[in-house]
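J.: A single structure is presented below for examination.
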Amino acid sequence: MSKNFWLVLLCFFILVNEHLAKFTLSLQANQLSPSQALEDAFRYSSIGSYMFTAFWRAIPFLGLAAFAKFSSVRHYSFGRVSLWGCAVLIACYHFWGYYQIWSPVFQGGKLSSTSSLAIPFVSLEAVVISCCVFVAMFIFAKVKEGV
């Protein structure tokens with residue numbers, strides 16, 4: 001895989017987190033200016049909370065990185081497209097999951113005491129969904145290749 005893939009994968013891991021979701025929600029729901037939304041998103045953040053979510057967020061990204069590094073699919077065009085697609089899918093699914101976790105706070109509701117339990121499940125679901133999508137893209141590419 002090219003260096004661009006590894007750079008984008010690292011950027012997705014670092015940037016797509018719960019703070020980005022809170023920033024987006026602050027812009028949309030609270031209709032704050034970007035500077036106010038940034039302040040609102042990071043108001044109660046800590047290194048500990050970021051590391052907690054980063055640990056779980058790393059699981060699908062490290063799985064994809066290991067698969068991209070050690071499998072032979074990276075040598076084929078359909079494999080590279082599938083790997084890029086899975087990287088984007090994992091990032092989008094994490095953003096959507098964190099957005100769904102935090103949206104009640106910005107819509108007049110409250111977070112439940114078990115909402116932090118959703119963080120590991122977002123990552124685990126991202127693994128399952130990205131594996132299914134990769135297999136589907138692989139089968140599609142093989143069928144198309146055979147035709």
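The values are calculated or read from the model by the stated rules, or taken from the named source; none is laboratory data. None of the values given here were measured: they were computed from a predicted structure. When we count neighbours, we look across all protein chains shown, and the Cβ atoms used for this are built from the backbone with ideal geometry, even at glycine. Note: areas computed on protein heavy atoms with side chains; ligands, DNA, RNA excluded. Shrake-Rupley method; radii C 1.70, N 1.55, O 1.52, S 1.80 Å.
J.: Within segment 52-60, is there a residue that is modelled with pLDDT under 90 and open to solvent by 70 Å² or more (accessible area, probe 1.4 Å)?
T.: yes
J.: If I go through segment 61-80 residue by residue, how many of them are of a type in the set (A, V, I, L, M) and modelled with pLDDT under 85?
T.: First, pick out the residues of segment 61-80 that are of a type in the set (A, V, I, L, M): 62, 64-66, 68, 73.
Restricting the remaining residues to those that are modelled with pLDDT under 85 gives 73.
Selection size over segment 61-80: 1.
J.: Here are some residues: HIS94, HIS19. Which one is at pLDDT below 90, outside any loop (DSSP other than H, G, I, E, B) and either closer than 21 Å to VAL122 by Cα or hydroxyl-bearing (Ser, Thr, Tyr) (or both)? Walk me through how you get there before you give the answer.
T.: Working: HIS94 fails: at pLDDT below 90.
Sole residue among the options that is at pLDDT below 90, outside any loop (DSSP other than H, G, I, E, B) and either closer than 21 Å to VAL122 by Cα or hydroxyl-bearing (Ser, Thr, Tyr) (or both): HIS19.
J.: Something else about it: Please determine, by comparing only the residues of segment 101-123 that are touching a helix residue (DSSP H, G or I) at 6+ places or on another chain (Cβ under 7 Å) and free of Cβ contacts under 8 Å to residues at least 40 places away in the same chain, which one is most open to solvent (accessible area, probe 1.4 Å). Before the answer, list the steps.
T.: Restricting attention to segment 101-123, the residues satisfying the condition of being touching a helix residue (DSSP H, G or I) at 6+ places or on another chain (Cβ under 7 Å) are 101-103, 106, 110-111, 115, 118-120, 122-123.
Checking the rest, the ones that are also free of Cβ contacts under 8 Å to residues at least 40 places away in the same chain come to 110-111, 115, 118.
Numbers: LYS110: 178, LEU111: 65, SER115: 27, ALA118: 35 Å².
If we take residues in segment 101-123 being touching a helix residue (DSSP H, G or I) at 6+ places or on another chain (Cβ under 7 Å) and free of Cβ contacts under 8 Å to residues at least 40 places away in the same chain, then LYS110 is most open to solvent (accessible area, probe 1.4 Å).
J.: Of the residues ALA141, ALA126, which single one is over 18 Å from PHE78 (Cα atoms), touching a Phe, Trp or Tyr at 6+ places or on another chain (Cβ under 9 Å) and surrounded by 15 or more Cβ atoms within 10 Å (Cβ to Cβ)?
T.: ALA126
J.: Surrounded by fewer than 13 Cβ atoms within 10 Å (Cβ to Cβ), over 18 Å from the mean Cα position of the chain (by Cα) and touching a residue at least 12 places away in the same chain (Cβ under 8 Å), is that true of GLN28? Full working, then the answer.
T.: Values: surrounded by fewer than 13 Cβ atoms within 10 Å (Cβ to Cβ): no; over 18 Å from the mean Cα position of the chain (by Cα): yes; touching a residue at least 12 places away in the same chain (Cβ under 8 Å): yes.
So GLN28 does not fit the description; no.
J.: So which of SER45, SER35 is at pLDDT below 90, out of contact with any helix residue (DSSP H, G or I) (no Cβ under 9 Å at 6 or more places or on another chain), of a type in the set (S, T, N, Q) and open to solvent by 20 Å² or more (accessible area, probe 1.4 Å)? I'd like the intermediate steps shown before the answer.
T.: On the way: SER45 fails: out of contact with any helix residue (DSSP H, G or I) (no Cβ under 9 Å at 6 or more places or on another chain).
Step by step, each of SER45, SER35 is checked, and only SER35 is at pLDDT below 90, out of contact with any helix residue (DSSP H, G or I) (no Cβ under 9 Å at 6 or more places or on another chain), of a type in the set (S, T, N, Q) and open to solvent by 20 Å² or more (accessible area, probe 1.4 Å).
J.: Determine whether segment 111-118 contains at least one residue that is among the aliphatic types (A, V, I, L, M) and part of a helix (DSSP H, G or I).
T.: Step one: filter segment 111-118 for residues among the aliphatic types (A, V, I, L, M), giving 111, 117-118.
Subset that is part of a helix (DSSP H, G or I): 117-118.
So far as segment 111-118 goes, yes, one or more of its residues are among the aliphatic types (A, V, I, L, M) and part of a helix (DSSP H, G or I).
J.: Among the residues of segment 68-100, count how many are surrounded by 14 or more Cβ atoms within 10 Å (Cβ to Cβ), out of contact with any Lys or Arg (no Cβ under 9 Å at 6 or more places or on another chain) and over 30 Å from ALA41 (Cβ atoms).
T.: 2
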